[in-house]
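Beneath this line is the structure, given in structure tokens, with notes to follow.
Only the coordinates and a few stated rules stand behind these numbers; no lab work does. Quantities reported herein were computed from a predicted structural model and do not represent experimental measurements. Virtual Cβ from ideal backbone geometry, glycine too; neighbours counted across all protein chains shown.
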Amino acid sequence: MNLIEVDNITREYGANKALDSVSFKVRTNTIHGILGPNGAGKTTTIKILCGLIPSSSGQVLFEGKSIDINDKNILAQIGALIDEPALFVDMKVCEFLEYILKIYKVDKSLHNEYLAYALDELELVSVSDRLIKNLSKGFRQKVAVAAAIIHRPKLIILDEPTVGLDPNAILKMRSLLLKLKKNHTLIITSHILSEMDVLCDDITLINNGKVVLCACVENLQVDHTTVEIKLKSSLEIEKIKQALLDANINLEDISFKKRSLEQIFFERIKAND
């Protein structure tokens, strides 16, 4: 069953198209990844899904009903974290989340239940009485995600939820996101393929505002690993090739492309037939 259906949406800024006829579907209780390089149109897409901006044409259906930026009933069923977390750092964690409940106009009789749910799901119970400004970046990110889920939305949209976190915090965030899909449908964005492979059930690959690929992650085949290395000179490519040979990797299976004298880069993914 599909919770979201994105139907041929286009977003224009003057003569420029940030999105060009984008379509994909999001299955209920899954994690759907929107993958693409910086500037591909990922953030524009999720802003339309959240009702923050309208599309120039096309529509987004939520349980079969068109999302309208004035439809508070549908928008109340969506929680989002876009760009940098908007946190009031001089508030305690529990105070901030209580404030978010008031913004969503959740019945006061449900506040304790919803607060306990968010603190438990994001493993924030131990820091609930601490000031947000005294928390690590990893815990701040958890607080931001807690604010996105505290009103029990059906859909959670997270824009690069692990960006800037240290490796340990990334692992913890991944674990928490996987746990959330038991009760929610998630859409996350990233420009890192390995992140999507670990977290997502389905992905939509966007580049230059257009959908390049929609597929179930299980049906994706990675033909080449992304390699991006800073070089002192182009001669060091030979050293890299020798290192690969020393690791018993067949160079016939690897393609190199140079962007400049300082970088080599290659990646290709496709869906299995």
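Summary table below
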| quantity | calculated |
| --- | --- |
| Long-range HN-HN contacts of residue 19 with modeled amide H, under 5 Å | 11 |
| Set 65/105; 17/181; 108/142; 182/210; 65/92 screened for pairs whose C-alpha atoms are more than 26 Å apart | 17/181; 182/210; 65/92 |
| Simple Cβ-charge dipole of segment 85-151, Lys/Arg +1 and Asp/Glu -1, about Cα centre, in debye nearest 20 | 300 |
